[in-house]
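Inspection log for the structure reproduced underneath, given as structure tokens.
The values are calculated or read from the model by the stated rules, or taken from the named source; none is laboratory data. For clarity, every value in this text was computed on a predicted model and none was experimentally measured. Note that we place each Cβ from the backbone using ideal geometry, even for glycine, and neighbour counts take in every protein chain shown.
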Amino acid sequence: MRKTLLIARREYLAFVRTVGFWLSIVTAPLIFTLIIAVPMLIRTSAPVEVMNVAILDLTGANVEQPLRQLIERVAAPAQAQGPDAALQDAANAAFDKERIKLVPLPQGLDASMTVAAAEARIPDVLATPVSPATTIVVVSDDGEKLHFRIWSTPDQRKHLEDKLYWDLHGLQYMKVAGQKGVDPKVAEDMRASRAEIVSLTPSDGAPGAKADFLAAGLRDHGPRVVGIALGFVTWFTIFSSSMILLGGVIEEKASKVLEVLLASASTESLLIGKVLGVAAVLSTVGLIWGSAIFVMISQGASFMPPDLAQTLREGLAGIFTPAYVVLLLSYFVGGYLMFGVTFAAIGAFCETQKDAQAIMGPLMIVLMVPMLCMQAAIGAPNAPIIQWLSWVPIFTPFLMPLRLSEPLPVWEIAMTLGGMAIAAFAMIALGRRAFKQGALTGGKLTWGTIANIATRKANDA
């Protein structure tokens, strides 16, 4: 055990003492932060864009007045209501950079014109730099249907339509109601009337469960998001560690350092020590990044409204229960040990990076299977194919964290953990033999070599 820890310490210090290691720790999160922050900064610092709207009413029925009321209502949206009101208002203030302003009709346009005459002149009016209007709404009536033709500058195309689409249909609704002898006020109330429709899950009915959007989202989707994130983290960790282990073993084999280490320590100590050393390196990276993320989230929460911050804390506490965290770590550690030992053993058979790439290709294809399944399992984590694959030990570490987002029987969790543990011990035993043979005798990794290693007696290893 002491030699194993010494080898792990040697591997760990070989990385953390380099300048490149610390530069990579700083550079990667900085790049990700810039990718997220720069577009947001550009958006929030962008100047407010004003849409100057003029109305040309050619109906003769004073449709301009209700249309002006609709535009004024959109130009000054009501304050958000409910538990998430503060969050919505803050988001609107930061990202809504478009304002609407009603302006008089530009010169050369009046209500006595025909539609054809007006639209023949509008392009020149909008192209004039000093034009007071950037959007002109031409309203006409053929007796049965209102026509709203919205002319605008290219950068404001469809902006007003997107904001008024259903309200403009409401004006047509009012017109038809008037033609049928229905009181316009009654018709408007009928159109605006809505039933109360609420979607619930069993967790919403639990004692003390909050009904706001954030709390419901954390209850319903939080574990699934965590499972998907951990699956990707596991995959990324295995891929990163495999590259590190392969490169390190190949370099030590070429310089005969591996033979010296094997002469002073057992195969098990050397193999497990290398895997643990790389795990410690990745844990250091994860700890630093995780601490930075925790600090940023904590600072961000301090600017949230107290009720919103409390909801977020309660939701996260409900997701990360002790049993859930223990299960996630168990699948993660089991998967890392299985694949870490395997890749280290493969590295012992490789003389160059080219040899390693030839072997890694098929293995990466196998590892892509759970990645593809995770994407498909987002909407149905307990689909039959996902259940079957999660029982395969090499896929268990990736798929079971996602399946934990749904209630699972205890026996299934125990069986998958047991299967993964058996596979891990088997891969460690085979990896030890392969590592020693590859390091001392050399040779290529072939099907015959694999069969020979698998059938060799333990005391001959």
Open item on the list: Return the pair list, or none, for Cβ contacts closer than 8 Å from residues in region 142-170 that are in the same structural domain as residue 74 (by TED's automatic domain parsing) and of a type outside the set (A, V, I, L, M, F, W, C) to residues that are in a loop (DSSP other than H, G, I, E, B) and buried (at least 17 other Cβ atoms within 10 Å of the Cβ), at least 6 apart or on different chains.
Closed with: 152/134; 153/134; 156/134
TODO: Report, ordered by the first and then the second residue, all pairs with beta carbons closer than 6 Å, sequence separation of six or more or different chains, a first member in region 366-395 that is closer than 18 Å to residue 416 by Cα, and a second member that is basic (Lys, Arg).
DONE: 381/403; 390/403
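Just the residues that are hydrophobic (A, V, I, L, M, F, W, C) and surrounded by fewer than 23 Cβ atoms within 10 Å (Cβ to Cβ), please, taken from region 333-356.
From region 333-356, those hydrophobic (A, V, I, L, M, F, W, C) are 333, 337-339, 341, 343-346, 348-350, 356; that's our starting set.
Hits for region 333-356 are 333, 356.
Select the helices (runs of 4 or more DSSP H) contained entirely in region 375-448, then report the ones holding at least 2 residues which are touching a helix residue (DSSP H, G or I) at 6+ places or on another chain (Cβ under 9 Å), of a type outside the set (Phe, Trp, Tyr) and modelled with pLDDT under 70.
Numbers: elements: 384-390, 396-403, 410-440.
Helices (runs of 4 or more DSSP H) meeting the threshold: 410-440.
Yes/no matrix, rows are residues, columns are (1) surrounded by 14 or more Cβ atoms within 10 Å (Cβ to Cβ); (2) at pLDDT below 80:
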position: 21; (1), (2): yes, yes
position: 27; (1), (2): no, yes
position: 39; (1), (2): no, yes
position: 43; (1), (2): no, yes
position: 57; (1), (2): yes, no
position: 72; (1), (2): no, no
position: 96; (1), (2): no, yes
Open item on the list: Testing residue 196 on (1) among the charged types (D, E, K, R); (2) crowded, with 19+ Cβ neighbours inside 10 Å; (3) modelled with pLDDT of 75 or more, one condition comes back false. Which one is that?
Closed with: (2)
Task: Given (1) surrounded by 15 or more Cβ atoms within 10 Å (Cβ to Cβ); (2) part of a strand (DSSP E or B), index of the condition residue 147 fails - done: (1)
